[in-house]
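The structure appears right after this line, and notes come after that.
The values are calculated or read from the model by the stated rules, or taken from the named source; none is laboratory data. Note that the coordinates shown come from a computational prediction; the quantities given were computed from them, not determined experimentally.
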Amino acid sequence: MKKIIIALGTFLAATAAFGQDAQWTPEQATAIKGGMYFLAVAIAAFGGTRGQGAAASAALNGMARNPAAADKLMTPMILGLALMESLVIFTLISPFVFR
């Protein structure tokens, strides 16, 4: 986790090095805006997949400890995974919709 934060900080700090340059052209501003959209999508997809992994791990751990409760755990787990995946899909679609 520390490596990710350091890498992200490095990438964000590198843009400050160009702070005294001339104003951006509209094409450059559009390209940077699109890049930031896709960075946000990548972060959201990463968070969604970590959440899905944690939910599946917790449900499978509960099923392993109490096999009789597997039927009661499976439906909420699938529903939760579907809702998490829908949020990630909406996030992936949003940069194309809000250009």
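Values as computed for the structure displayed
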| quantity | calculated |
| --- | --- |
| ALA54 vs. criteria part of a helix (DSSP H, G or I) and at pLDDT below 90 | no |
| Residue in the range 7-44 that is modelled with the highest pLDDT, counting only those that are part of a helix (DSSP H, G or I) and more than 28 Å from PHE90 (Cα to Cα) | THR10 |
